[in-house]
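Structure, as structure tokens:
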Amino acid sequence: MKPQVAIHVALIAILALTLLPFVFLVDNSLRTNSELNHSFFGLPKALTRMAAALGKPTVEIDREDAKGRIVGSQSVPAVEGERVLSGKLFQSYSYAWEILRGYTVNTLLVSLVTVLGVLTLGSSAAYVFSRYRFPGRNALFLGVLSLMMIPGVLTLVPSFMLVKKLGLLNSYWVLILPYIAGGQIFALFLFKSFFDGLPNELFESARIDGAGHFALYWRLVLPLSKQVLAVVAVVNVLGTWNNFLWPFITNSDTKYHVVASGLYLMGQSQLSSNYAAMYAAYVLSSVPLLVLFVYATKPFIAGVTSGAFKA
């Protein structure tokens with residue numbers, strides 16, 4: 001029993017260390033610049049005052065001058081004080097969201113269209129490689145897989161020159177089309193590995209019932225591949241959401257920037273001096289990925305253990 005207790009204590013300690021940076025990020029996003037300058041690791045003053053005023057008829061709030069400097073404090077009724085303190089607690093989020101909202105919408109649009117394109121083209125191409133027999137099939141498949149050995153940074157300049165000649169700069173397509181093309185290799189490998197493991201008896205039974213290749217793909221293969229579809233979708237969303245360099249160099253118009261490049265632009269603007277707003281922007285940018293982690297972890301693990309990475 002004692003070794004198990006020691007293991008649990010060690011795991012809890014590692015988990016606490018892992019979550020500490022995120023707790024630090026959230027805590028500082030709920031504070032003002034003045035609070036950060038006076039105590040970098042303290043709790044939000046608005047939160048502590050709201051906690052101290054529980055059950056009391058009044059709440060103490062700061063008085064500010066025309067320039068926003070604190071010149072004293074005053075007691076106000078509890079309802080009004082809690083409203084004021086709640087507004088101060090989340091004011092950095094409101095400010096950050098006004099700027100980050102456009103970048104978030106762009107990222108969601110690019111990510112969703114990219115995932116749909118990768119899943120559609122990757123699964124259909126993998127079905128062809130898995131179920132069709134044609135000359136040079138294996139050589140062509142190995143040739144496609146060999147592209148995985150080429151670092152993306154080596155293709156950065158040729159890819160930029162290509163999209164420039166195509167007139168795709170400063171558009172959503174300069175992000176979507178290369179992402180779909182780049183995501184095909186990994187998706188093709190996973191899908192084909194999974195499709196090769198499906199029993200031939202299923203396909204023979206469906207053919208006896210008159211199913212053609214499209215019916216086999218749409219009604220048989222895809223329903224059995226939900227877990228692998230989840231794996232490919234999660235991997236592509238993570239890669240698209242966190243990609244910074246390509247969106248930054250291909251879009252000089254801020255209208256088309258995504259979250260990763262948008263956060264960099266925010267750090268180079270006047271907002272960089274508002275540390276609480278920057279922390280809030282970092283928290284807001286991670287919320288969609290946290291939601292994806294919560295809802296996609298189970299199908300992702302199931303897809304991995306179902307043979308998605310079978311060689």
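Odds and ends about this structure:
- Distance in nm between pseudo-label sites at TRP173 and SER75 (7 Å out along the Cβ direction from Cα): 6.8 nm
- Efficiency of FRET from Cβ geometry, SER39 and GLN268, R₀ 25 Å, rounded to 0.05: 0.35
- Straightening the chain between THR48 and LEU145 buys 29.3 nm, computed as 0.36 nm per residue apart minus the Cα-Cα spacing.
- Note on VAL105 and LEU224: their simple-model spin labels are 4.3 nm apart, each label 7 Å out from Cα toward Cβ.
- Applied to the stretch 20-36, the Karplus parametrisation 6.51 cos²θ - 1.76 cosθ + 1.60 on θ = phi - 60° returns per-residue 3J(HN,Hα) values of 4, x, 5, 4, 4, 5, 5, 4, 6, 6, 9, 10, 9, 4, 4, 5, 5 Hz, with x for Gly and Pro.
- Where Cα atoms sit under 23 Å apart: lysine pairs in the chain separated by 8 or more or lying on different chains: 13
- Available extension along the chain between ILE301 and ASN138 is 55.8 nm, counting 0.36 nm per residue and deducting the alpha carbon span.
- Heavy-atom surface of the chain, accessible at 1.4 Å and reported per residue (Å²): 59 Å²
- Modelled spin-label separation between LEU19 and PHE214, with each label point placed 7 Å from Cα along the Cα-to-Cβ direction: 5.1 nm.
- Element breakdown for the chain at a 1.4 angstrom probe: carbon and sulfur atoms account for 68% of the accessible area.
- Two-site FRET efficiency, VAL287 against ILE12, from Cβ-Cβ distance with R₀ of 30 Å, rounded to 0.05: 0.75
The values are calculated or read from the model by the stated rules, or taken from the named source; none is laboratory data. All of these numbers come straight from a predicted model, not from anything done at the bench. No Cβ is skipped: glycine too gets one built from the backbone with ideal geometry, and neighbour counts run over all protein chains shown. SASA here: full protein model, heavy atoms, side chains in, ligands and nucleic acids out. Shrake-Rupley method; radii C 1.70, N 1.55, O 1.52, S 1.80 Å.
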